[in-house]
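Notes follow the structure.
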Amino acid sequence: MSRATADWSLDGKVAVVTGTAPGGIGETYARALAEAGASVVCADIQASGAKAVADTLIGEGHRAVGVGVDITDPDSTDAMAGVAVREYGGVDILVNNAALMAQLPQIPVLDYDLETWHRAMDVNVNGALHCCRSVVDLMRERGGGRIVNQSSGGAYPPSSVYGITKIALVGLTTALARDLGPDHISVNAIAPGMVESSASLAMVPEGSPFRTMMEQVVVMRPAGQTTDLIGALLLLTAPAGDWITGQVLHVDGGWILRP
Ligand SMILES: NC(=O)c1ccc[n+]([C@@H]2O[C@H](COP(=O)([O-])OP(=O)(O)OC[C@H]3O[C@@H](n4cnc5c(N)ncnc54)[C@H](O)[C@@H]3O)[C@@H](O)[C@H]2O)c1
């Protein structure tokens, strides 16, 4: 029997992370993957933000490049994958983290105007699909890969348009896990609880009704830090998690256990 240790190194791997403007979860994801040894493509519709995060990582001695991408546009996601090929020779890991969250109105579903509904689906669901399409052949060329989709505790059960988009991502996760398993590409999702990113702090400040409700129902800390998600990300991207696919990892202080 081989030694009973797990391999957490991403040395030599290439990761593409979407939604990596400063202050968000994507920035933490990019840094975590870089610190584990990966070369990281930081991609965001806010191109200057993605580049700023990449430059910070480079300054810390990591390998990173920042690119502007609009994940609703397949040509743009192809170009993002092209940067990974040009700079680092391929793609091993895709983290579909970019989404609309604070931008989506907190109103009843039937009150949504169709344009905003389509925009929500286009970014949060179709965007992830476009990114997957842009990288899977590159992963196949390298003998396998890892896809991590960023869902949300707000999808369990969905009670908003945002929640609907995030449960659709879970459907995408399980369907792609079945389709891509034979190619040694795992597809999993992370469903965070309330995490203190700049976007969520603006959306649900201290004392807001949602935070008060979370304090009552979450069994551990009601609000997490972006770094609370790193363990799940590494499990789903490092060799240690090689045999895990089609799963949703709830990283939420037990919010999912609410009565
Ligand atoms: N913060 C939380 O409490 C929380 C909880 C559960 C899930 N999430 C999810 O985590 C992810 C990150 O959330 P965050 O809190 O860092 O919010 P955020 O708004 O800071 O991050 C989303 C990023 O996606 C980018 N983006 C938006 N549209 C894009 C497009 N068309 N193309 C490319 N990039 C685009 C934005 O510019 C932004 O940088 C999101 O998927 C969010 O739904 C967040």
query: In the stretch 199-208, which residues are over 15 Å from Asn97 (Cα atoms) and not aliphatic (A, V, I, L, M)?
result: Pro205, Glu206, Gly207, Ser208
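Can you spot a residue in the stretch 155-167 that is away from the ligand (no atom under 16 Å from the Cβ), assigned to a helix (DSSP H, G or I) and farther than 20 Å from Glu27 by Cβ?
Restricting attention to the stretch 155-167, the residues satisfying the condition of being away from the ligand (no atom under 16 Å from the Cβ) are none.
Taking every residue of the stretch 155-167 in turn, none turns out to be away from the ligand (no atom under 16 Å from the Cβ), assigned to a helix (DSSP H, G or I) and farther than 20 Å from Glu27 by Cβ.
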statement: Taking the stretch 173-228 and keeping only residues that are in a helix (DSSP H, G or I), polar (S, T, N, Q), free of Cβ contacts under 8 Å to residues at least 24 places away in the same chain and within 16 Å of the ligand (Cβ to nearest atom), one is left with Thr212
query: For Asp70, all conditions in the list (1) of a type outside the set (A, V, I, L, M, F, W, C); (2) out of contact with any Ser or Thr (no Cβ under 8 Å at 6 or more places or on another chain); (3) within 21 Å of Gly24 (Cα to Cα) hold save one; what is the number of the exception?
result: (2)
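Which of the residues belonging to the stretch 59-77 are assigned to a loop (DSSP other than H, G, I, E, B) and either crowded, with 23+ Cβ neighbours inside 10 Å or not basic (Lys, Arg) (or both)? Steps first, please.
Initially, the stretch 59-77 is screened for residues assigned to a loop (DSSP other than H, G, I, E, B), giving 60-63, 69-73.
Answer for the stretch 59-77, where residues must be assigned to a loop (DSSP other than H, G, I, E, B) and either crowded, with 23+ Cβ neighbours inside 10 Å or not basic (Lys, Arg) (or both): Glu60, Gly61, His62, Val69, Asp70, Ile71, Thr72, Asp73.
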Check on Thr72, of a type in the set (S, T, N, Q), without any contact (Cβ under 8 Å) to a residue 60 or more places away in the chain and touching a helix residue (DSSP H, G or I) at 6+ places or on another chain (Cβ under 7 Å): yes
message: Consider the stretch 24-40. How many of its residues are within 13 Å of the chain's Cα centre (by Cα) and either near the ligand (Cβ under 10 Å from one of its atoms) or surrounded by 24 or more Cβ atoms within 10 Å (Cβ to Cβ) (or both)?
response: 8
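If you go through the stretch 83-98, how many residues are assigned to a loop (DSSP other than H, G, I, E, B) and within 16 Å of the ligand (Cβ to nearest atom)? Walk me through how you get there before you give the answer.
First, the residues of the stretch 83-98 that are assigned to a loop (DSSP other than H, G, I, E, B): 89-92, 97-98.
Retained after the next criterion (residues that are within 16 Å of the ligand (Cβ to nearest atom)): 97-98.
Qualifying residue count, the stretch 83-98: 2.
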- request: Name the residue, out of Met80, Met139, Met101, that is within 14 Å of the ligand (Cβ to nearest atom), assigned to a helix (DSSP H, G or I), under 19 Å from the mean Cα position of the chain (by Cα) and not small (Gly, Ala, Ser).
  value: Met80
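Quick note: the coordinates plus some simple rules give every number you see, no bench work behind them. Note that the structure is a prediction, hence the values are computed from the model and not measured. Cβ sites come from the backbone with ideal geometry, for glycine too, and all protein chains shown count toward neighbours.
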